[in-house]
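The values are calculated or read from the model by the stated rules, or taken from the named source; none is laboratory data. Just so you know, these numbers come straight off a predicted model, no measurement behind them. Methodologically, a virtual Cβ is constructed for each residue, glycine included, from the backbone with ideal geometry; neighbour enumeration extends over all protein chains shown. For the accessible areas, the whole protein counts, side chains as well, though only heavy atoms, and no ligand, DNA or RNA atoms are used. Shrake-Rupley method; radii C 1.70, N 1.55, O 1.52, S 1.80 Å.
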Amino acid sequence: MKVLFVNGSPHEHGCTDLAMQETCKVLQKHGIDTEILWLGTSSLQGCIACGKCHKKGKCVFEDAVNEVNGRADEFDALIVGSPVYYGGPCSQITAFLDRLFYSGAAKWTGKPASSIVSCRRGGASAAYDRLNKYFEMSNMPVVTSQYWNQIHGNSADEAAQDLEGLQTMRTLGENLAWLLKCIEAGRKAGIEAPAYEKRIGTNFIR
Ligand SMILES: Cc1cc2nc3c(=O)[nH]c(=O)nc-3n(C[C@H](O)[C@H](O)[C@H](O)COP(=O)(O)O)c2cc1C
């Protein structure tokens, strides 16, 4: 089993990464592999709403979005992370996730997911809610912890002092490991994935 972490922070080894590493350690203790993808500091293209992905099956822009969607089968769960910028997630992670889900949400159906946010002081829960929105409309079970998955600090050194935040990340790892093992056991016992109806789309113009 393998879990993909996507870090949208411009700091490869900042607070968001520190929190993710804490969750990774717990997953690894349970024999679950982890990979952290750092999106970097070059600006990531946002969605241009061309809709071509629905015909092509992938985004028109060839970057990390198509790479990750192309590798979705390798991963059993997805965790995304972001620093809080003005009470929301940073633009790097929303650009990535808008395109990842608009062009390939079906690839992630049934895979547990969660988000992690880091901030100096406030706005964490709004950013956390925003990130979970991607999973909540993509048939992905959202994994929670003992508190919302947030860590506080302006630097990794400061975040390392947030003992409750770090414990929250470890509990997230425990809950995710447990759920992944339950899903695997269910599959082996013959529990089938849900069969969904054809999706109805209404736009309320009449
Ligand atoms: C543009 C910008 C906006 C920010 N907005 C907030 C904010 O609304 N609330 C907050 O508590 N911290 C805010 N911060 C601080 C970061 O969220 C905080 O330092 C975070 O933990 C950094 O995570 P990282 O090391 O993973 O990048 C902001 C920082 C920047 C650069």
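What FRET efficiency comes out for the pair Ala105/Ala185, r = Cβ-Cβ distance, R0 = 22 Å, nearest 0.05?
0.25
Please compute the length gained on full extension between Met1 and Gln167, using 0.36 nm multiplied by the number of residues separating them and subtracting their Cα-Cα distance.
57.5 nm
When the Cα centres of the stretch 135-206 and the stretch 81-133 are compared, how far apart do they sit, in Å?
First find each Cα centre; the distance between them is then 12 Å.
Using only the heavy atoms of the protein chains and a 1.4 Å probe, how would Ile32, Ile205, Ile183 rank by accessible area, largest first?
I get Ile205, Ile183, Ile32, largest accessible area first.
Quick one: ranking Val84, Val65 by accessible area, 1.4 Å probe, largest first, what do you get?
Val84, Val65
Between Gln21 and Glu74, with labels modelled 7 Å along Cα→Cβ, what's the label distance in nm to one decimal, could you check?
Simple spin-label model gives 2.2 nm for this pair.
GluC sites (Glu not before Pro) within the stretch 39-81: which are DSSP loop residues with at most 11 other Cβ atoms inside 10 Å?
Of the GluC sites (Glu not before Pro), the ones in loops of the stretch 39-81 whose Cβ has at most 11 other Cβ atoms within 10 Å are Glu62.
Check which residues have an amide H placed less than 5 Å from Met140's amide H, if you skip close sequence neighbours.
Distant-sequence amide H within range of Met140: Gly110.
Which net charge results when you count Lys and Arg as +1 and Asp and Glu as -1 among the other residues whose beta-carbon is under 12 Å from that of Glu174?
With Lys, Arg at +1 and Asp, Glu at -1, the net is +3.
For Lys25, Lys55, Lys181, what's the largest-to-smallest order of accessible area, 1.4 Å probe?
Result of the area sort, largest leading: Lys55, Lys25, Lys181.
Using a 7 Å offset from the Cα along the Cα-to-Cβ direction at both Gln28 and Glu62, what is the distance between the two label points in nm, to one decimal?
Inter-label distance under the simple model: 3.4 nm.
Would you calculate, for the chain, the mean residue ellipticity at 222 nm contributed by helices, counting each DSSP H stretch of 4 or more residues as -39,500 (n - 2.57) and dividing by all residues, to the nearest 500?
Rounded to the nearest 500, it is -12500 deg cm²/dmol.
Under 12 Å Cα to Cα from Lys29, which aspartates and glutamates show up? Leave out anything in the same chain fewer than 8 places away.
Within reach: Glu174.
Tell me, what HN-Hα J-couplings in whole Hz come from the Karplus equation 6.51 cos²θ - 1.76 cosθ + 1.60 at θ = phi - 60° for each residue of the stretch 71-82, using x for Gly and Pro?
Running phi through 6.51 cos²θ - 1.76 cosθ + 1.60 with θ = phi - 60° gives 9, 3, 4, 6, 10, 9, 7, 10, 10, 10, x, 8 Hz.
Name the long-range amide H neighbours of Ser118: under 5 Å, sequence gap of 5 or more, or other chain; modelled H, no Pro or chain starts.
Amide H neighbours of Ser118, under 5 Å, 5+ apart: Ser82, Val84, Ile151.
Just to verify a number: what accessible area does Asp33 come out at with the full protein assembly present, 1.4 Å probe, Å² rounded to tens?
90
How much FRET efficiency would the formula 1/(1 + (r/R0)^6) give for Ala195 and Ser43, where r is the Cβ-Cβ distance and R0 is 41 Å, rounded to 0.05?
My answer for the efficiency is 0.50.
With a 1.4 Å probe and every protein chain left in place, tell me how much accessible area Asp157 has, in Å² to the nearest 10.
Its accessible surface works out to 120 Å², give or take rounding.
What's the carbon and sulfur percent of the chain's accessible surface, probe 1.4 angstrom, rounded to a whole number?
The value for the chain is 51 percent carbon and sulfur by accessible area.
Output the pairs from Lys55/Lys188; Lys55/Lys133; Lys56/Lys198; Lys58/Lys188 with a Cα-Cα distance over 27 Å in this structure; if there are none, say none.
From Lys55/Lys188; Lys55/Lys133; Lys56/Lys198; Lys58/Lys188, over 27 Å: Lys55/Lys188; Lys58/Lys188.
Quick one: which residues, 5+ away or cross-chain, put their amide H under 5 Å from the amide H of Trp38? H built at 1.01 Å from N.
Asn7
Would you tell me the accessible area of Leu37, worked out with a 1.4 angstrom probe on the heavy atoms of the protein chains, in Å² to the nearest 10?
50
Nearest 0.05, what FRET efficiency do Lys52 and Ser91 give at R0 = 22 Å with Cβ-Cβ as r? Intermediate values should be presented prior to the final figure.
On the way: r = 22 Å, r/R0 = 1.01.
That gives a FRET efficiency of 0.50.
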